[in-house]
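See below for the structure under consideration.
The values are calculated or read from the model by the stated rules, or taken from the named source; none is laboratory data. Remember, it's a predicted structure, so these values are computed and weren't measured experimentally. Neighbour counts run over all protein chains shown; Cβ positions are idealised from the backbone, glycine included. Side chains included, ligands, DNA and RNA excluded: accessible areas come from the protein's heavy atoms. Shrake-Rupley method; radii C 1.70, N 1.55, O 1.52, S 1.80 Å.
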Amino acid sequence: MKKVITVIVLFGILVAIYVYRGQITDIIIENVIQKKEVTFEERNSYFLTYDFDYVENVDSFDIKEKEDLLDLYFTVINSGVNHFEFYCPSEYSSCIKDVVAIANNQQDLSNINGFVHPFNSFDTIETSYDSLGRVKLKIIKTYTDVEINEINQKIEEIVKNEVKEEKDNREIIRIIHDYIINNTRYDKERADHNVIKYSSNTAYGVLFEGYGICSGYADAMALFLNYYHIPNYKVVSENHVWNAVYLDGNWYHLDLTWDDPVLDDTEKNALYHDYFLITTEQLEKLDDTQHIYDKKVFSEMT
């Protein structure tokens, strides 16, 4: 008799679970999964403590709107992890929609990438999600561990041989600016025809192969700026990348690509300082269309 009652009770429980499965799932999501506080403590040595107008580092993720998601993506990428997982809260009804919008917007992701240390920047970032609101990020880095080790040794060598005992930050930046340009040629084949012979889109191509495009020049300069703890980020426009540098209480533009003009092979390599630590007002007076950028994103430059 007891066995029969037990079977009936269990059957009743199973029926109730099936009938009210939607409500039960909601309760589990809201009170078990989404109530779990997501915090972030894992950060590598290339984590940058700077906060910006567009994005800032956060210690915990209380996600309520898209701006919070941008801060989350920035914090995760800036921290140097390869994987991260979080949940969209039920009260943020458009969370997954906004996650998908960010994941599919390469300009948004490129903008965020510009605010982190080059060694923590991503080559690709994969975003996936499920019906419970769980979001997973998989970050594939731009630089390998081997490349990072080699580049760091190269930086130390250049600092020792070129910068030497110089202490003035503006002069240090000029020395590095000139060194990179004098030892690098613009990779016109890659830029114009997508012919890839060198890693010219990264600092590795600039510092070891002697060829660069704008992202390679900007990364190489950013590495030295970070080495000297000079606040900076990369300004990303539709077709171009250059450095923003905070010096003596002001933000300046620094574009090594445009200070390294493309000349005929028979001509001597040129070195300009037209885009060396110039203000936005000076930048806008120059006759070019490649430096049009989103001032809402890079608002420090305004």
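There is at least one residue in region 260-274 that is of a type in the set (Asp, Glu), within 28 Å of Asn120 (Cβ to Cβ) and open to solvent by less than 10 Å² (accessible area, probe 1.4 Å). Evaluation of Ala222 against the conditions (1) open to solvent by 50 Å² or more (accessible area, probe 1.4 Å); (2) within 20 Å of Phe47 (Cα to Cα); (3) of a type outside the set (D, E, K, R) shows that the sole unmet condition is (1). Just so you know, in region 171-197 the residues that are touching a Ser or Thr at 6+ places or on another chain (Cβ under 8 Å) and under 19 Å from Ala270 (Cβ atoms) include one that is surrounded by the fewest Cβ atoms within 10 Å (Cβ to Cβ), and it is Tyr186. Which residue is nearest to the chain's Cα centre (by Cα), if the candidates are limited to region 53-90 and must be among the aromatic types (Phe, Trp, Tyr) and open to solvent by less than 20 Å² (accessible area, probe 1.4 Å)? The residue in question is Phe74.
Residues checked against (1) of a type in the set (Ser, Thr, Tyr); (2) touching a Gly at 6+ places or on another chain (Cβ under 9 Å); (3) closer than 26 Å to Asp248 by Cβ:
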residue: Ile139; (1), (2), (3): no, yes, no
residue: Asp145; (1), (2), (3): no, no, no
residue: Ile148; (1), (2), (3): no, no, no
residue: Asn161; (1), (2), (3): no, no, no
residue: Glu166; (1), (2), (3): no, no, yes
residue: Ile175; (1), (2), (3): no, no, yes
residue: Ile180; (1), (2), (3): no, yes, yes
residue: Thr184; (1), (2), (3): yes, yes, no
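Can you confirm whether Ser128 is without any contact (Cβ under 8 Å) to a residue 40 or more places away in the chain, over 24 Å from Cys214 (Cα atoms) and not in a loop (DSSP other than H, G, I, E, B)? It is true that Ser128 is without any contact (Cβ under 8 Å) to a residue 40 or more places away in the chain, over 24 Å from Cys214 (Cα atoms) and not in a loop (DSSP other than H, G, I, E, B). Inclusion of Ile33 among residues that are open to solvent by less than 90 Å² (accessible area, probe 1.4 Å) and at pLDDT 90 or above is not warranted. Cβ contacts < 7 Å: first residue open to solvent by 40 Å² or more (accessible area, probe 1.4 Å), restricted to region 101-113; second residue aliphatic (A, V, I, L, M) and at pLDDT 95 or above, any location; separation 6+ or different chain. Result? Filtered contacts from region 101-113: Ser110/Val236. Set side by side, the residues Ile230, Ile278 differ, and just one is modelled with pLDDT of 95 or more, touching a His at 6+ places or on another chain (Cβ under 7 Å) and of a type in the set (A, V, I, L, M), which is Ile278.
Every condition in (1) within 17 Å of Met221 (Cα to Cα); (2) open to solvent by 70 Å² or more (accessible area, probe 1.4 Å) holds for Glu126 except the one numbered (1). Of the numbered criteria (1) at negative phi; (2) modelled with pLDDT of 95 or more, the one Ser60 fails is (2). Just one of the listed residues (Ile77, Ile24) is over 19 Å from Glu91 (Cα atoms) and either modelled with pLDDT under 55 or assigned to a helix (DSSP H, G or I) (or both), and it is Ile77. Going through region 135-164 one residue at a time, which ones are open to solvent by 20 Å² or more (accessible area, probe 1.4 Å), within 19 Å of Ile77 (Cβ to Cβ) and not in a helix (DSSP H, G or I)? Those that are open to solvent by 20 Å² or more (accessible area, probe 1.4 Å), within 19 Å of Ile77 (Cβ to Cβ) and not in a helix (DSSP H, G or I): Lys136, Lys138, Ile140, Lys141, Thr142, Thr144.
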